[in-house]
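Have a look at the structure below, then the notes.
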Amino acid sequence: MTQSDSAAGTAVTGINPVTEAGRMPPKNYDAVLLASFGGPEGQDDVLPFLRNVTRGRGIPDERLEEVSHHYRANGGISPINQQNRGLKAALESELAARGIELPVLWGNRNWDPYIPQTLQDAYDAGHRRLLMVTTSAYSCYSSCRQYREDIGMALTETGLDGRLEVDKIRQYFDHPGFVEPFIEGTAAGLADVRAQLTAAGTPDAPVHILFATHSIPTRDAEAAGRSEG
C-alpha cells in the first residue's frame with residue numbers, strides 16, 4: 001500500500017516539479033527511510049567507527065584513539081543506535097495509529113545498518129519510492145546536504161540510481177513539533193526549580209537558564225549559511 005505525503009523536500013535523484021508555493025505536489029511513497037549518523041555498540045566498534053566518521057581526512061589511528069575515550073568510558077557504546085530503534089518503533093506506531101501502512105526502514109551513514117545495504121534491502125523488498133527522515137533537524141552541511149550526498153553515493157554504489165527514488169523531508173528545526181517539547185521541558189524544569197526554592201524559603205531567588213549547543217567549525221557555518229543548508 002502506498003501513501004501520499006505533501007511535506008517532502010527536494011528529491012535526491014532528479015528534479016521534481018513544484019507547486020506555486022514552492023513545495024512538491026503530493027506523491028505516493030511505499031516506505032519511510034529513517035537516516036541517522038550511527039554509533040559504536042561495543043569496544044571493538046569504536047576505532048572502526050571513528051575511521052568511518054573521519055574517512056578521507058588522513059587522521060592516524062593514534063589521534064582517533066585519543067578521542068575514543070568518550071565512547072570507551074561507556075563500554076564503547078553510543079546511545080544513538082538504541083535511541084533510533086526507539087524512534088523507529090515510535091514512527092511505526094504513529095503511522096499505524098493514523099492508518100498509514102508504511103514500513104519504516106533504518107540506515108546509518110557511519111555504522112551498521114549502513115545506508116547502502118538498507119537501500120538494497122528496500123529495493124529487494126519491492127520498494128521503489130522512499131521518504132527519508134533524518135535525525136538531524138538543523139540546516140548545515142553535515143546535518144542536511146551530506147545526507148543527500150551519501151544517499152546519492154549509495155544509489156550509485158548499489159546500482160539503484162534511476163531505479164529507486166529517495167525524497168528527503170525539509171529540515172525541521174523550526175517545526176512546532178520539534179520546538180514545543182523544548183519549551184514544555186524548560187517550563188516544567190523551571191516550575192520544579194521554583195517549587196524547590198519555595199520549599200527552601202527563597203521563592204523569589206533568581207533562576208538562570210543556560211543554553212548549550214553543539215558547535216561546528218566556522219568554515220562549515222560559512223559554507224552552509226542560511227541558503228546553502
**Prompt:** Remind me, relative contact order of segment 90-220 in percent, using alpha carbon pairs under 8 angstrom and six or more residues apart?
**Reply:** 19
**Unit charges at the beta carbon, dipole of the chain: most positive-side option, 69, 40, 139** = 139
**Prompt:** Within a Cβ distance under 14 Å of residue 198, other residues only, what is the Lys/Arg minus Asp/Glu net charge?
**Reply:** -1
**Message:** Can you tell me, using C-alpha contacts under 8 Å and at least 6 residues apart, the relative contact order of the chain as a whole percent?
**Reply:** 25
**Complete:** In nm, the gap between the two label points placed 7 Å beyond Cα toward Cβ at residue 222 and residue 94 is 3.8
**Complete:** Taking a crude spin-label model, label points 7 Å out from Cα along the C-beta direction, the residue 180 to residue 66 distance in nm is 4.7
**Request:** Mind listing the long-range amide H neighbours of residue 24? Cut-off is under 5 Å, sequence gap 5 or more, other chains count too, H placed in the peptide plane at 1.01 Å from N.
**Result:** 19
**Crossing angle, helix 115-124 versus the chain [Cα axis fit, 0-90 degrees, rounded to tens]** = 50
**Request:** Which order do the peptides 70-82, 35-47 take when ranked by the mean count of other beta-carbon atoms within 10 Å per residue, highest first?
**Result:** 35-47, 70-82
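Please give the charge dipole size of segment 177-224, origin at the Cα centre, charges +1 on K and R Cβ atoms and -1 on D and E Cβ atoms. Round to the nearest 20 debye. Intermediate values should be presented prior to the final figure.
Working: 2 positive and 6 negative charges, 24 e Å.
That gives segment 177-224 a dipole magnitude of about 120 debye.
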**Matching label, Rg/Rh (Cα atoms, Kirkwood Rh) computed from the structure shown, candidates (i) 1.14; (ii) 0.99; (iii) 1.03** = (iii)
**Asked** Which cross-chain or sequence-distant (5 or more) residues have an amide H under 5 Å from the amide H of residue 33, H modelled 1.01 Å from N in plane?
**Response** 105, 131, 132, 133
**Asked** Taking a label point 7 Å from the Cα of residue 153 along the Cα→Cβ vector, which residues of segment 48-70 have an amide N closer than 15 Å to it?
**Response** 49-59
**Message:** Through the Karplus equation 6.51 cos²θ - 1.76 cosθ + 1.60, θ set to phi - 60°, convert the phi angles of segment 153-166 into ³J(HN,Hα) values in whole Hz; use x for Gly and Pro.
**Reply:** 5, 5, 5, 5, 4, 8, x, 9, 4, x, 10, 10, 9, 10
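Every number in this text was worked out from the coordinates using simple rules, so none of it is lab data. What you see is a predicted model; the values in this text were computed from it and never measured. Every residue, glycine among them, receives a Cβ derived from its backbone with ideal geometry; neighbour counts consider all protein chains shown.
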